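Structure, as structure tokens:
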């Protein structure tokens, strides 16, 4: 008997303010797998990541999403998060007056609480956080500051990876985590993602560029155009895209859809 | 040696089985004393008589009463608050849990009254007292007990009820009472001057750093009763005192009037830090009942290098009308005002400060954070006045408003009067809404919407909370949380 996939998306259709963005997206993700979703601007990549995380403002008009066999779309965003869905944001917001350290400790504690465990000891947590911050090259003074306040673009992205590592979810959705990073920062972020990777984890990585895949090798690559996946393949697909661009696939889609 | 475990300093928050968001709304049955309803010269004399007041004070009260009566029930109209006419003849101006004078010993205080304070987290019995905080407990019109008095006396600090101060330190009271807020100051201050019944008095002698936090806890209990207390704090040369007040009241369908006067005087090199957690009953969701908190608070930084700092967290009351102010008279004196005002449901707040710069090199800072939720209205109103002689005066003002939902309002009304060209003025103001993106970010990390909302608002208030003594900052946070219950969903 086949194992239940961690994430199963069937024929997902999503609109934003009457405009159709996703037009029938299918995806199946098992634990242990890394999927990259690539596509041109406006193809619906970020919408897909946001809808999975439960961001308000999107209307699901069709299809379904199962996470560990449960209806993900019925769950509140915080329930999804506690069930192990993590979104690394493309544009992380600033949270004035909320210190990263306390914010993340609260996030850890709500998970523990749900499992009926005691709150984490402050000292234990601080030690963990310091260690993990070092791993993504964030100064330990930064975790004592308000979340993302005054952080550079690269620092914000590294802070997302820090949170990924501390919260230890099952499914990581990385929304253009590579965009706007210089090569050193990209390496740090990729290392963080690779450390997270494992037989019990799954990653869905949304990106515009092939560059990040030099550092994070996916098991599968899917090409998203006009709201659905038009081509899936192994890592070699990235190189083909790099050489030919997205237009090549767009043409295939258009000729195919008229058939 | 093992130190005895200090009781926790829970001041405002308290678990309760009451079926309401307001957890301090219980009523205490007392078998005390009360004067008939209404106000006239006889009532004023009777209140003075309760305390055998000296003739000068009785006269002062009567002058205040006559001035107030000449105002013909005309309250100030300029504030952005709206309430039905108050029938000043339908209020009890004096209610006491005691039949006669306040008993010398706590053993003779009605156990119900002591129990009320224990329930509020302010146990008065010696073995249970809060550690490191001296408390004056005011119940309706009178002070019930004052803790730590002996220890304070040893260092020369006078901390007692106003009635005791009038009896034992009349020269200090006479010298300073009304010196900052004259009885003609405004409608509610005049009313208070006529009928004030008790309150807190504090004098810190030269060079003394008050060893504990001083606190007054105000409890309004009896129905239809107004509370009119006076607080007078004098920090003599080179002294320091940190004072905190907390307030709660039972839930009543009708509104209750609270018209207090607070006067602070800081002499040369002295510093007074005054913190308020105001949690009077705010009324129900439809705006029925609740306390009208019409309060005059003013400090005079009279001496050179003196400093007066107000920090207030206002979450209660149906209507808040208060402007804790500083007269910066001494050269190099400093005035500060840090405020969080949160209104929910139908609450209205019109609050802010006045900084009057008179001395040279005087400096004032105003940080005001207003949060509006439900259908509530919140107004910041502040005056900064630089007098001609105030060379090199500086002011920094920052007012931030945060809106929760679409039906509430936030208003900022700054008044700036500069009569000396050397002044440096800075004014910043922002209005924002709790952003969907911030909420989603927190929720994506597993935090519930209600908790996320609270974290954002708490973060917004950080700059003010950090000015409070540590334990009270925790309390303030807690209070914010309780006041926001029901905002989400």
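Computed from the coordinates by the stated procedures, all read-outs in this text should not be read as laboratory data. Computed from a predicted model, the values in this text were never measured in an experiment. In this analysis, Cβ positions are derived from the backbone assuming ideal geometry, glycine residues included, and neighbour counts consider all displayed protein chains.
Across every direction, the projection of the convex hull enclosing the Cα atoms of chain A has a mean area of 15.1 nm². Scaling against 2.2 N^0.38 Å puts the C-alpha radius of gyration of chain B at 0.93.
What shape does the range B:338-392 have by the C-alpha gyration tensor, where a ≥ b ≥ c are the square roots of the eigenvalues, rounded means a/c under 1.5, and otherwise prolate means a/b greater than b/c and oblate the rest? Verdict is prolate for the range B:338-392. Considering only DSSP beta bridges whose two residues both sit in the range A:7-258, what percent are antiparallel, to the nearest 5? Rounded to the nearest five, the antiparallel share is 55 percent.
Across the range A:83-133, the fraction of Cα-Cα pairs farther apart than 14 Å, rounded to a whole number, is 63%. With R₀ fixed at 25 Å, the C-beta to C-beta distance from residue B:419 to residue B:184 puts the FRET efficiency at about 0.55.
Shape class of the range B:120-230 from the alpha-carbon gyration tensor: oblate, with a/c at 1.5 or above and b/c at least as large as a/b. What shape does the range B:33-322 take by its C-alpha gyration tensor, where a ≥ b ≥ c are the square roots of the eigenvalues and a/c under 1.5 counts as rounded, a/b above b/c as prolate, and the rest as oblate? Judged from the Cα gyration tensor, the range B:33-322 comes out rounded (a/c under 1.5). Residues considered: A:119, A:80, A:197. Largest GNM mean-square fluctuation over chain A, using C-alpha springs under 10 Å, is found at A:119. In the range B:34-129, the convex hull through the Cα atoms has an average projected area of 9.4 nm², a quarter of its surface area. Kirkwood radius and radius of gyration were both taken over the C-alpha atoms of the range A:150-259, and their ratio Rg/Rh is 1.02.
The slack in the chain from residue B:485 to residue B:392, taken as 0.36 nm per residue of separation less the alpha-carbon distance, amounts to 28.9 nm. With R₀ fixed at 35 Å, the C-beta to C-beta distance from residue B:474 to residue A:232 puts the FRET efficiency at about 0.05. What is the helix-to-structure angle for A:247-258, meaning the angle in degrees between its Cα long axis and the longest Cα principal axis of chain A, kept from 0 to 90 and rounded to the nearest 10? So the helix axis and the longest Cα principal axis differ by about 50 degrees. Take the Cα of residue A:128, go 7 Å toward its beta carbon, and the backbone nitrogen atoms of the range A:162-179 under 20 Å from that spot belong to A:162-173. Most simply put, chain B has about 10% antiparallel DSSP beta bridges, counting only bridges with both residues inside it.
Kirkwood Rh over Cα pairs of the protein assembly as shown into Stokes-Einstein at 20 °C, 1.002 mPa s: D in µm²/s? It comes out at roughly 74 µm²/s. In chain A, the longest principal axis of the Cα atoms and the axis of helix A:153-167 are about 80 degrees apart.
Rg and Dmax, both from the Cα atoms of the range A:30-77 and both in Å, are 12.0, 31. The Cα trace of the range B:383-481 gives Rg and Dmax of 18.2, 57 Å, the first to one decimal, the second as a whole number. Note on residue B:52 and residue B:82: the extension gain reaches 6.9 nm, defined as 0.36 nm multiplied by sequence separation minus the Cα-Cα distance. Calculated on the alpha-carbon coordinates, the convex hull of the range B:427-485 measures out at 100 cubic angstrom per residue.
Taking the centroid of alpha carbons for each part, the range A:119-194 and the range B:55-109 are 59 Å apart. Estimated purely from DSSP H runs of n ≥ 4, each contributing -39500 (n - 2.57), the mean residue ellipticity at 222 nm for chain B is -6500 deg cm²/dmol once divided by its residues. Compared with the dominant principal axis of the Cα atoms in chain A, helix A:183-196 is inclined by about 80°. Within the range A:1-24, which residues have the backbone N less than 18 Å from the label spot 7 Å out from residue A:91 along Cα→beta-carbon, could you tell me? Within reach of a label on residue A:91, which here means backbone N under 18 Å from a point 7 Å along Cα→Cβ, the range A:1-24 contributes A:16-17. Each of B:380, A:58 was scored by other Cβ atoms within 10 Å of its Cβ. Listed from fewest to most, they are A:58, B:380. Label-to-label distance for residue B:151 and residue B:428 is 4.0 nm, based on points extended 7 Å past Cα in the beta-carbon direction.
Taking every DSSP beta bridge that has both ends in the protein assembly as shown, the antiparallel portion is near 20%. Taken along the Cα-to-beta-carbon direction at a fixed 7 Å, the label points for residue A:194 and residue A:117 span 2.8 nm. Here residue B:286 and residue A:60 are evaluated by their C-beta separation; at R0 = 30 Å the FRET efficiency comes out at 0.20. Considering every Cα-Cα pair within the range A:90-166, what fraction, in whole percent, is farther apart than 17 Å? Every Cα pair in the range A:90-166 considered, those over 17 Å come to 42 percent.
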